[in-house]
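Novice: This is the structure I have questions about; it appears just below.
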Amino acid sequence: MVAIADKLYVVPAELPKLLAPTKDELFVADDVDSVRFLGIDYEERSYQMRNKPGITRSMVANGCVNRFYHLKRRSSVEGFSIAKATIDEFIEGSRLLENGEDKIAFGIHPLRRGAIKTWVAYLPVAKTADGKNFVWCLFVPDPSDLKTFYKAAGSIEELFASFEGKGDFMTLSTATDMISPTTGDWIYDMVRDIDLVPPDTKLDKVRSVLDQYFASEDVLHWRAR
């Protein structure tokens, strides 16, 4: 398994999950995390986000964390506790600086796509390798093509400084300082409905979890109002 890990598209750090079962057990890929980090071609696509009025904050947060790890073929399970600790650290630091950003650690920033007024959601999901900055997720709400981008910045002001007052999608997506994890397969890299739920969600429960979010949370509409 170790020798052929690269050919299986599995990073060595995830091999313990596959090697854990004994000869009398099986590793069952029946949840979102296992399907995505193993790169399994899961074809259930009946739940179409483009038919929904918008998206909720929980879906955005789940999508941001899941894609940050799954695009690197890593399990995202531990990533959620890392993201929570990261947000807590950012809030605490912002309070010490008294810059007001502690109240908007997970927020919405205006964005344009041509003449269309929309928005981008942002939240910190991890720290950079040197520990000096936060890695921010930027979630773009195109109902037909949801996207997550990642960028290192120490503050929200710094995060959006490169917009230089333009505030348009092209400026965001082509910025040279973006962190762009990818599997090398553009189809797999696309955000799907299964990315918007917690990683331990069983595949046959994805629809019910998403429906529950819509029933219990405010909807962020696709376009700014």
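Residue-by-condition table, conditions (1) over 14 Å from the mean Cα position of the chain (by Cα); (2) surrounded by 20 or more Cβ atoms within 10 Å (Cβ to Cβ); (3) under 26 Å from Val11 (Cβ atoms):
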residue	(1), (2), (3)
Ile40	yes, no, yes
Arg57	no, no, no
Lys72	no, no, yes
Pro124	no, yes, yes
Ala129	yes, no, yes
Lys132	yes, no, yes
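Novice: Hey, another quick one. Can you tell me which of (1) more than 17 Å from the chain's Cα centre (by Cα); (2) surrounded by 12 or more Cβ atoms within 10 Å (Cβ to Cβ); (3) more than 28 Å from Arg223 (Cβ to Cβ) is the one Lys117 doesn't meet?
Specialist: (3)
One line per residue, one yes/no per condition, for (1) among the hydrophobic types (A, V, I, L, M, F, W, C); (2) within 25 Å of Thr86 (Cβ to Cβ); (3) free of Cβ contacts under 8 Å to residues at least 24 places away in the same chain; (4) surrounded by 12 or more Cβ atoms within 10 Å (Cβ to Cβ):
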residue	(1), (2), (3), (4)
Gly154	no, yes, yes, yes
Thr174	no, no, yes, no
Asp177	no, yes, no, no
Thr182	no, yes, no, no
Ile187	yes, no, yes, no
Lys205	no, no, yes, yes
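Novice: Does Val219 qualify as being closer than 21 Å to Arg45 by Cα, surrounded by 14 or more Cβ atoms within 10 Å (Cβ to Cβ), touching a residue at least 60 places away in the same chain (Cβ under 8 Å) and among the β-branched types (Val, Ile, Thr)?
Specialist: So Val219 does not fit the description; no.
Novice: Inside segment 102-189, counting only helices (runs of 4 or more DSSP H) that do not spill past its ends, which hold 2 or more residues that are closer than 27 Å to Glu92 by Cα?
Specialist: 156-159
Novice: Oh, and also: What are the pairs, 6+ residues apart or on separate chains, where a residue within segment 1-25 that is closer than 14 Å to Leu38 by Cα and surrounded by 10 or more Cβ atoms within 10 Å (Cβ to Cβ) has its Cβ under 9 Å from a residue that is among the hydroxyl-bearing types (Ser, Thr, Tyr) and at pLDDT 75 or above?
Specialist: What qualifies is Tyr9/Thr183; Ala13/Ser75; Glu14/Ser75; Lys17/Ser34; Lys17/Ser75.
Novice: Consider Arg73 carefully, then state whether it is touching a residue at least 24 places away in the same chain (Cβ under 8 Å), closer than 18 Å to Lys205 by Cα and outside any helix (DSSP H, G or I).
Specialist: No, not satisfied.
Novice: Another question, if that's okay. Of the residues in segment 134-158, how many are basic (Lys, Arg), over 13 Å from Val60 (Cα atoms) and within 11 Å of the chain's Cα centre (by Cα)? Give the derivation first.
Specialist: In the first step, residues of segment 134-158 are kept if they are basic (Lys, Arg); the result is 147, 151.
With the extra rule that they be over 13 Å from Val60 (Cα atoms), the set shrinks to 151.
Now restrict to residues that are within 11 Å of the chain's Cα centre (by Cα): none.
Count: 0.
Novice: Here's a follow-up. Given (1) at pLDDT 90 or above; (2) assigned to a loop (DSSP other than H, G, I, E, B), identify the lone condition not met by Lys7.
Specialist: Condition (1) is where Lys7 drops out.
Novice: Which numbered condition in (1) closer than 30 Å to Ala29 by Cα; (2) at pLDDT below 95; (3) among the basic types (Lys, Arg) is the only one that Lys166 fails?
Specialist: Result: Lys166 fails condition (1) only.
Novice: Here is a follow-up. Return yes when Ser94 is surrounded by fewer than 19 Cβ atoms within 10 Å (Cβ to Cβ), at pLDDT 95 or above, closer than 19 Å to Leu220 by Cβ and in contact with an Asp or Glu (Cβ under 9 Å, 6 or more places away or on another chain) and no when it is not. Walk me through it before giving the result.
Specialist: Numbers: surrounded by fewer than 19 Cβ atoms within 10 Å (Cβ to Cβ): yes; at pLDDT 95 or above: yes; closer than 19 Å to Leu220 by Cβ: no; in contact with an Asp or Glu (Cβ under 9 Å, 6 or more places away or on another chain): yes.
Against the criterion (surrounded by fewer than 19 Cβ atoms within 10 Å (Cβ to Cβ), at pLDDT 95 or above, closer than 19 Å to Leu220 by Cβ and in contact with an Asp or Glu (Cβ under 9 Å, 6 or more places away or on another chain)), Ser94 does not qualify.
Novice: Of the residues Leu111, Leu123, only one is in contact with a Ser or Thr (Cβ under 6 Å, 6 or more places away or on another chain) and within 21 Å of Leu146 (Cα to Cα); which?
Specialist: Just a single option satisfies the conditions, and that option is Leu111.
The values are calculated or read from the model by the stated rules, or taken from the named source; none is laboratory data. Here the structure is a predicted model, which is why all the values come from computation and not from measurement. With ideal geometry, Cβ positions are generated from the backbone for all residues, glycine too; neighbour counts draw on all protein chains shown.
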